[in-house]
Amino acid sequence: MIKFDRVSKRYPNSAPGPDALSNVSLEIGEKELVVIAGHSGAGKSTLLKLIAAIERPTGGTVLVRGQNVGALKRSAIAVLRRNIGLVFQDQKLLFDRNLFENVKLPLSIAGFPPKEAERRVRAALDKVGLLAREKAMPIALSGGEQQRLAIARAVVNRPNLLLADEPTAHLDPDTARDVAAIFRDFHQVGVTVVVATYDATLFPEARRIGLDHGSLLS
Amino acid sequence: MNIWLSHHGQALVLALRRLAAAPVNTLLSLLAIGVALALPAAGQMLLANLLQVTQRAAPALEISVFLAVDAPRPTATDMEAKLKNHPGVKSFRFLPREDTLAHMKKEAGLADVIDALPKNPFPDAFVLLPRDERPEAMEALAAELRKWPKVDHVQLDAGWARRLEALLRLGRTGVWLLAGLLGVGLVAISFNTIRLQVLTQRPEIELSRLLGASDGFIRRPFYWFGVLQGLLGGLSAWLLVGLTTLVLRGPVEEFASLYGIVLSLRPLDGISSLALLALAAGLGWLGTAISLRRHLDD
């Protein structure tokens, strides 16, 4: 599903020091549940961004479903991203739209017919336990609910690859466990799940890839 | 095809929502566009109305030639022969002074006055249609006729209409220039509102890109926004011109009647109205296109 071959990433104008990622080679198979673990600044976010072609590697190649995503054209990147579920560290919810519309956005982008889109939005909201509040605005949600909303949006078009960047940060331990359970559910129905987190204990069964200052821990 | 339609439908709804989201801004923009477009549109409306006046007068492309009152009948007969062979004259008719007298007595109710006069005050006259209807050719013909013996007065009946028409052509050029200038203004308004829209929608644009939106998906709502804003601005211009027409109709009618002209102001005709709306929408689109190129490509 995902293959990193001696991948390096250095951000332009970055301070001297180790690269954000240096010489990382790894493979993530289909239907795997993988945790990218490491301290803050270890390169977890960068690794996820490279998979979704939000950043391009400065060295090496990143293959996703056999495609070299570092060399994709603009339009091909868009197609790639439509087939990846993304949960962002800062969630990126639209606060001027209600829950239903927030979750519907990926389906509008993909051009789903309205009826089918509605059905899928409700299914996704139901999955994360927010169906009753579809008309609410995101600002009215608690931190854990906002995180679940972000997950609903990431999975609404049923991608077979789900990337999540610190989805349990800023959540209390109980809520974090609830959120982790949702990811586990998706993994169990066959979705490849890659979670970057400082707290790998939330996913005890997951394969753990450790990063430290941009390098893989063996 | 269905996906294409639904994409445009969604973009249209989004654009309408964005217009409605800031009603004061929207109204001010529409008013600015409306006033800018109303100026040339009102000019066009006035010109079209005046042009009608000249066109109604234009069939009378006649030249009236009045002989001296004391001219003997043989002079008229001579002239008749000369006019018949004149290459510049298409046709003519002779109005003998006796007929004119009889006509005036009957028609104008001047019988008492005319009877009181010692002799027939009307001259023999010719009314002729020139072969060449261009104003300069007609003037030349009139000048030639004035030199004929016993010709007292030559009158170009449509002269004033022709001069007005020439003036109106000048006016039309002015309207086009004005329209061009204010059209640039409209593009600028559209450019700026779209720039502000892009700034306001920045989080949504970035998120949409991350979720795999195509450039088209991101641009469509802005294009609809620009086109709708232009169209609605055009509509307000149309309403302003309509209102102006109504307000001016009475006074203009009164003024024109002082000059014996029947002029009832008509609003912009269908084609001009459609052209106004299409132009407004098109300029809105153009401003959007330039603005998006400048502010969205990163």
Can you give me the distance in nm between label points at A:Ala140 and A:Asp174, each placed 7 Å from the Cα along the Cα-to-Cβ direction? 2.3
If each K or R counts +1 and each D or E counts -1, the residues other than A:Leu125 whose Cβ falls under 12 Å of its Cβ total +4
Kirkwood-type radius of chain A, with distances r between different C-alpha atoms, in Å: 17.7
Drop in accessible area of at least 40 Å² in the complex versus isolated chain, residues of segment B:193-231, 1.4 Å probe: B:Glu204, B:Leu207, B:Leu210, B:Leu211, B:Gly212, B:Phe217
Counting residues in segment A:33-90 as N, plug N into 2.2 N^0.38 Å and put the Cα Rg over that result. 1.15
Between B:Asp99 and B:Arg172, what length comes free when the chain is fully extended (0.36 nm per residue of separation minus the Cα-Cα distance, one decimal in nm)? 21.9 nm
Taking Cα pairs under 8 Å and at least six residues apart, what relative contact order does chain A come out at, in percent? 31
Once you've got the GNM for chain B with C-alpha springs shorter than 10 Å, pick whichever of B:Arg134, B:Arg18, B:Arg220 has the biggest mean-square fluctuation. B:Arg134
Return the FRET efficiency for the residue pair B:Lys84, B:Ile114: r is the Cβ-Cβ distance, R0 is 25 Å, and the value is rounded to the nearest 0.05. 0.20
Estimated distance in nm for a label pair at A:Leu72 and B:Val262, the labels positioned 7 Å out from Cα along Cα-to-Cβ: 7.4
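Rounded to the nearest percent, how much of the accessible area of the protein assembly as shown (1.4 Å probe, protein heavy atoms only) is carbon and sulfur?
Working: 16060 of 26300 Å².
So the carbon and sulfur contribution to the accessible surface is 61 percent.
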Considering only protein heavy atoms, what per residue accessible area in square angstrom results for the protein assembly as shown with a 1.4 angstrom probe? 51
Using only Cα positions of segment B:64-142, each an equal point scatterer, no hydration layer, compute I(q)/I(0) via Debye at q = 0.12, 0.22, 0.27 Å⁻¹ and quote the log10 values to two decimals. -0.43, -0.99, -1.23
Excluding residues on the same chain fewer than 8 positions from B:Lys82, give the lysines whose Cα lies under 24 Å from its Cα. B:Lys90, B:Lys147, B:Lys150
Computed FRET efficiency, Cβ-Cβ of A:Val79 and A:Asp5, R0 22 Å: what is it to the nearest 0.05? 0.50
Report the B-A buried area as the accessible area lost on both sides summed, probe 1.4 Å, in Å² to the nearest 100. 1700
Could you order peptides A:77-83, B:199-205 by the average number of other Cβ atoms within 10 Å of their residues, highest first? A:77-83, B:199-205
Filter the cross-link list A:Lys73/A:Lys135; A:Lys9/A:Lys115; A:Lys31/A:Lys104 down to pairs whose alpha-carbon distance in this structure exceeds 32 Å. A:Lys73/A:Lys135; A:Lys9/A:Lys115
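The values are calculated or read from the model by the stated rules, or taken from the named source; none is laboratory data. This is a predicted model, so every value here is computed, not measured. Backbone-built Cβ (ideal geometry, glycine too); neighbour counts: all protein chains shown. For accessibility, only protein heavy atoms count, side chains too; no ligands or nucleic acids. Shrake-Rupley method; radii C 1.70, N 1.55, O 1.52, S 1.80 Å.
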